[in-house]
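Q: Below: one structure in structure tokens.
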Amino acid sequence: EPEVTQTPSHQVTQMGQEVILRCVPISNHLYFYWYRQILGQKVEFLVSFYNNEISEKSEIFDDQFSVERPDGSNFTLKIRSTKLEDSAMYFCASTKDRTNYGYTFGSGTRLTVV
Amino acid sequence: QKEVEQNSGPLSVPEGAIASLNCTYSDRGSQSFFWYRQYSGKSPELIMSIYSNGDKEDGRFTAQLNKASQYVSLLIRDSQPSDSATYLCALTTSGTYKYIFGTGTRLKVLA
């Protein structure tokens with residue numbers, strides 16, 4: 001069964017550094033999403049992306065965050081200057097269309113900011 | 001006001017029993033509802049979705065939706081120790097495709 005792949009599985013970074021989290025969505029999917037989950041808290045929406053544009057974003061997704069689809073297969077989340085409170089699990093998801101049958105999430109990247 | 005509310009648990013049930021997980025929501029415009037299972041340190045896995053009032057069954061799982069009362073529930077029949085996990089309720093509201101998650105209910109199935 002096709003799956004969403006995320007790398008790295010765990011990243012440790014110093015506060016103030018830039019990080020790029022990578023996702024390879026399912027190949028024929030057109031809609032892409034990032035969510036995050038701070039330890040012990042709920043899963044929170046960050047951003048959705050379609051046709052090389054952000055289609056929706058949350059208040060969390062401020063100027064420190066950006067997303068990109070640099071080629072036909074990768075979908076990346078960049079955090080420009082990491083803060084301690086950015087430490088969380090970051091999940092990528094993709095869907096073929098907007099019919100809302102439910103996302104398949106990738107296995108996640110655990111980001112630890114020290 | 002919280003958008004999606006779940007009892008954090010833990011809910012403990014003996015093996016073979018029915019586990020009942022509940023979720024209430026505040027936005028009457030909520031349209032699509034999902035149950036996810038999340039094991040510790042792992043990503044959420046989709047169990048099932050429900051869009052219309054009533055029951056929807058898939059194997060040992062039954063989702064129930066009551067839009068008038070603004071709740072959605074998940075029943076797990078013949079609970080197994082491997083069902084021990086956190087169960088997340090999620091929904092979409094009108095005009096958006098982002099998912100709003102509850103904090104989850106931790107289920108423990110005792111062997």
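Where a number appears in this text, it was derived from the coordinates with a stated rule and is not lab data. Since this is a predicted model, take the numbers as computed values, not measurements. Please note: Cβ atoms are built from the backbone with ideal geometry, for glycine as well, and neighbour counts cover all protein chains shown.
Q: Which whole-number percent gives the relative contact order of chain B, counting Cα pairs below 8 Å spaced six or more residues apart?
A: Dividing the mean separation by the residue count of chain B yields 38 percent.
Q: Can you tell me the mean projection area, over all orientations, of the convex hull of the protein assembly as shown's alpha carbons? Units nm², please.
A: 12.6
Q: Here's something else I'd like to know. Do you know the relative contact order of chain A, to the nearest whole percent, from alpha carbon pairs under 8 angstrom that are 6+ apart?
A: 39
Q: Considering the zone a paramagnetic label at A:Thr76 would reach in this model (a point 7 Å from Cα along the Cα-to-Cβ line), which residues of region A:3-17 have amide N under 13 Å from it?
A: A:7-8
Q: How high is the relative contact order of region B:59-111, in percent, with contacts defined as C-alpha pairs under 8 Å that are six or more residues apart?
A: 31
Q: Here's another thing I want to ask about it. Given 0.36 nm per residue, what is the gain on full extension from B:Thr96 to B:Ala111 after removing their alpha carbon distance, in nm?
A: Stretched fully, the B:Thr96-B:Ala111 segment lengthens by 1.2 nm.
Q: Subtract the Cα-Cα distance of A:Glu18 and A:Leu30 from 0.36 nm times their separation in residues, and report this length gain in nm to one decimal.
A: Roughly 1.6 nm would be gained on extension.
Q: Where the centroid of each part is defined by its Cα atoms, how far is region B:1-72 from region A:38-114 in Å?
A: Cα centroid to Cα centroid, the span is 24 Å.
Q: Let me ask something else. Under a 10 Å cutoff between Cα atoms, tell me which one of A:Thr76, A:Thr95, A:Thr13 has the largest fluctuation in the Gaussian network model of chain A.
A: A:Thr13
Q: Where nothing but the Cβ of Lys and Arg (+1) and of Asp and Glu (-1) is charged, how large is the charge dipole of region B:28-111 around its Cα centre, in debye to the nearest 20?
A: That gives a dipole near 240 debye.
Q: Now for a separate question. Counting only residues 5 or more places away or on other chains, whose amide H sits under 5 Å from the amide H of B:Gly104 once H atoms are built in the peptide plane?
A: B:Gln6, B:Cys89
Q: Also: Other chains near B:43-54: what is the mean number of their Cβ atoms within 10 Å of each residue's Cβ?
A: The per-residue average across the peptide is 3.
Q: Here's something else I'd like to know. GluC sites (Glu not before Pro), restricted to region A:37-114: which are DSSP loop and have at most 13 other Cβ atoms within 10 Å?
A: Sites meeting the loop and neighbour criteria: A:Glu59.
Q: Take a quick pass over the protein assembly as shown and tell me how many lysine pairs come in under 24 angstrom between Cα atoms, counting only ones 8 or more apart or on separate chains.
A: Number of lysine pairs found: 29.
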